[in-house]
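Q: This is the structure I want to talk about, given as structure tokens.
The values are calculated or read from the model by the stated rules, or taken from the named source; none is laboratory data. Owing to the predicted nature of the structure, the values given are computational and were not obtained by experimental measurement. Here the Cβ positions follow ideal geometry from the backbone for every residue, glycine too, while neighbour counts run over all protein chains shown.
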Amino acid sequence: MQALERISPSGSFILLHGTTVGTNTLLQRTGARVALVTTAGFEDAIEIGRQARPKLYDFFFDKVEPLVPRELRFGVKERVDSEGNILERPAQEELLAVSETVAAANPQAIAVSFLFSFANPENETLVAQLLQKLRVPLSISHRILPEFREYERTSTVVVNAYLQPIMQKYLSRLANCAKRWSKSRPGSPTSTNNTPVFVMQSSGGITALEAAAREPVRTVLSGPAGGLIGALASARRSGFDRIISFDMGGTSTDVSLIEREPQPGTQREIAGFPVGVPMLDIHTVGAGGGSIARFDSAGALRVGPASAGADPGPICYGRGLQPTVTDANLILGRLQPDRFLGGEFNLDLERTRKVVTQWLKGNRSPLSLEQFASGVIRVVNSAMEKTVRVVSVERGYDPREFALVAFGGAGGLHACELAEAIGIPRVIVPALPGALSALGILVSNVVKDYSRTVVWKVSDQLPTKPLETEFNKLRRLAERNFASEHWTRPIRYSATVDMRYRGQGYELNLPYHAKLLGAFHREHQRRYGYSHPGREVELVTLRLRASMKVPQTEFTITRESSPKNNSSRKGRTIFGEKSVVSTIYDREQLQPLKRYKGPAIVTEYSATTVIPPAKRFWLDPALNLIVDLKPRR
């Protein structure tokens, strides 16, 4: 595949793609038939897992079934110790027997994960070379995740193998369709050419299609990652680089905190399976516009996580029969029935009021229609507030020092009340809030992540030479990978280290520099409220992020110099228990830099923004909608 700068604008185009194929495949369990080849005696590691119980007092919970059934797990007699010394090499006779047994099982993909292969991959490489003859996709642990924690590493490699055939087929079809479309364009060259297709990764950067097909486990949070990068890019254009992103859609809400640069985490669970590759730290709660409201057995109002989805959808869409968050917003006057999707789809207010009234009577609720709707909003806001506190307060960050960037179809409806509850002083609703994930993918850099577990003990001085040696190895690997994709632009490196006090079971990730030890003690103090400067420290895993800026990262959003229509109208909106007269604006009619005052409803094609009474708001030069929530003296 050629690099972006080598593509002729007149004859080709670039396709940047975000996908949920990996996520949906895991959730629906529709992946490949996978065989796992591992160290003898460790065949059941992916089923035993960790001692953490999902439900502490429930002895009858249904445990998530592993992706590889017992009959497809095969052990090889080999052993490497934690220092990388080979204690036992696999015998040639046994290798041939294992190869024949795996072939007879007829797998669609194979995962190979040996004990301590991250310290010395020789045995694992030997087996992988033999299994290549079976001509099925291979996932090899020392290439995908050369890190310790056997269960998490094996799980990650199995997930990759489980997704490989599905993603390879999907991406191959995508590339072929893109090539055919490119050739059919007027003026397109008739000769065969490669149309560059890039895929968004969970870590917040794009990668070449071939790399995504080879390691699809890195794409399972492709869509949400695009939204996070888009939120940061939009906020920076308004002068903010410390943000809390708030992406509220129809089924769920994704929240993340960014302090100047996104920091991928490496320990996540997707559909109940540990995944150890870098992913942006995004927390999700089952609260969206389609979340269904109900009364529990004690009579308390609950909202979500069940959702009406698109079918039958909220009551106001014309088919639903259960009240949702969207219906509550419509009843309170926050959604405008005739301005939904730019007026292309009318919400049925009359049906909503009638069906919800009947539903309340059926549940013998004493609440009025408006009281119930207000309660739904308070409950769903409370759930989202808890999630925001998880990524901010519980990690030692003061949310008052950040701006809340709200996007998604429902983000602007709840952002101001959510920010006020937490103390966030400013809300940013970017231009094109309903398409911010696509914008994020568009402006993402090419990114490749590398890691290696070392577990070095340090008392008072960093082992600078060994660290530089290991990071140089990772840099050379990055250079080879970028060169194989024909990139010629400068590569930017970011080196970090996972660190912990000796005896701890968790690590903190910090940028690598000469004063790393002191920075670790300070970060531990900030994060957990204590530190032990005299205690021995362990350098656990070295990480290197290699990124390359691509031409499309610079963007501008423009509109006509003068609004099409300067008129506004009035409508009643309920805030808390008060019904007030709000001004309803079309976002296109707002004049940049002009100050407006709430209560107000700002409508646009992909979203609606609710501004509480007395709050100031304006469009800045970047055409982002800024809402100032600071109390005025």
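Q: Counting only residues that are under 13 Å from S139 (Cβ atoms) and part of a loop (DSSP other than H, G, I, E, B), how many does the stretch 115-124 have?
A: Qualifying residue count, the stretch 115-124: 1.
Q: Further question: Yes or no: the stretch 256-264 includes at least one residue that is modelled with pLDDT of 90 or more, surrounded by 24 or more Cβ atoms within 10 Å (Cβ to Cβ) and closer than 30 Å to G31 by Cα.
A: Yes, because at least one residue in the stretch 256-264 is modelled with pLDDT of 90 or more, surrounded by 24 or more Cβ atoms within 10 Å (Cβ to Cβ) and closer than 30 Å to G31 by Cα.
Q: Kindly evaluate E210 against the criterion of being among the charged types (D, E, K, R), surrounded by fewer than 21 Cβ atoms within 10 Å (Cβ to Cβ), touching a residue at least 12 places away in the same chain (Cβ under 8 Å) and closer than 22 Å to A495 by Cβ.
A: The answer is no for E210.
Q: Also, quick follow-up: Just checking, how many residues over the stretch 337-347 are surrounded by 18 or more Cβ atoms within 10 Å (Cβ to Cβ) and assigned to a loop (DSSP other than H, G, I, E, B)?
A: So the count comes out to 2.
Q: From the set of residues in the stretch 508-537 that are touching an Asp or Glu at 6+ places or on another chain (Cβ under 8 Å) and outside any helix (DSSP H, G or I), which is nearest to S494 (Cα to Cα)?
A: Checking each candidate, the answer is L510.
Q: Residue check: is V497 modelled with pLDDT under 95 and either of a type in the set (A, V, I, L, M, F, W, C) or touching a Leu at 6+ places or on another chain (Cβ under 7 Å) (or both)?
A: Criteria not met by V497.
Q: Next question, about the same structure. Being touching a Phe, Trp or Tyr at 6+ places or on another chain (Cβ under 9 Å), surrounded by 13 or more Cβ atoms within 10 Å (Cβ to Cβ), part of a helix (DSSP H, G or I) and modelled with pLDDT of 95 or more is the filter here; which residues of the stretch 69-104 pass it?
A: Within the stretch 69-104, just V102 meets the criteria.
Q: Would you point out which residue out of G223, G239, G230 is under 30 Å from A109 (Cβ atoms) and either touching a strand residue (DSSP E or B) at 6+ places or on another chain (Cβ under 9 Å) or of a type outside the set (V, I, T) (or both)?
A: G223
Q: Out of S117, S141, I need the residue that is touching a His at 6+ places or on another chain (Cβ under 7 Å), at pLDDT 95 or above and within 29 Å of M499 (Cβ to Cβ). Which one?
A: The unique qualifying residue is S117.
Q: Criterion first (of a type outside the set (D, E), touching a helix residue (DSSP H, G or I) at 6+ places or on another chain (Cβ under 6 Å), buried (at least 24 other Cβ atoms within 10 Å of the Cβ) and closer than 21 Å to I206 by Cα) does L280 satisfy it?
A: Taking the combined requirement at face value, the residue satisfies it.
Q: Can you tell me how many residues within the stretch 574-633 are over 15 Å from L413 (Cβ atoms), of a type in the set (K, R), without any contact (Cβ under 8 Å) to a residue 60 or more places away in the chain and not in a strand (DSSP E or B)?
A: 4
Q: Right, here's the next one. Which of (1) touching a Phe, Trp or Tyr at 6+ places or on another chain (Cβ under 6 Å); (2) farther than 23 Å from P511 by Cα is the odd one out, the single condition R242 does not satisfy?
A: Going through (1) touching a Phe, Trp or Tyr at 6+ places or on another chain (Cβ under 6 Å); (2) farther than 23 Å from P511 by Cα one by one, R242 breaks only (2).
Q: Another question, then. Right, S561: within 30 Å of P612 (Cα to Cα), in contact with a strand residue (DSSP E or B) (Cβ under 8 Å, 6 or more places away or on another chain), outside the structural domain of P466 (by TED's automatic domain parsing) and at pLDDT below 95 or not?
A: No.
Q: Suppose the filter is part of a strand (DSSP E or B) and either modelled with pLDDT of 85 or more or among the acidic types (D, E) (or both); does T207 pass it?
A: Here the answer is yes, as T207 does meet what is asked.
Q: For the stretch 540-549, state whether one or more residues are part of a loop (DSSP other than H, G, I, E, B), at pLDDT 75 or above and closer than 30 Å to L619 by Cα.
A: Yes; the residues of the stretch 540-549 include at least one that is part of a loop (DSSP other than H, G, I, E, B), at pLDDT 75 or above and closer than 30 Å to L619 by Cα.
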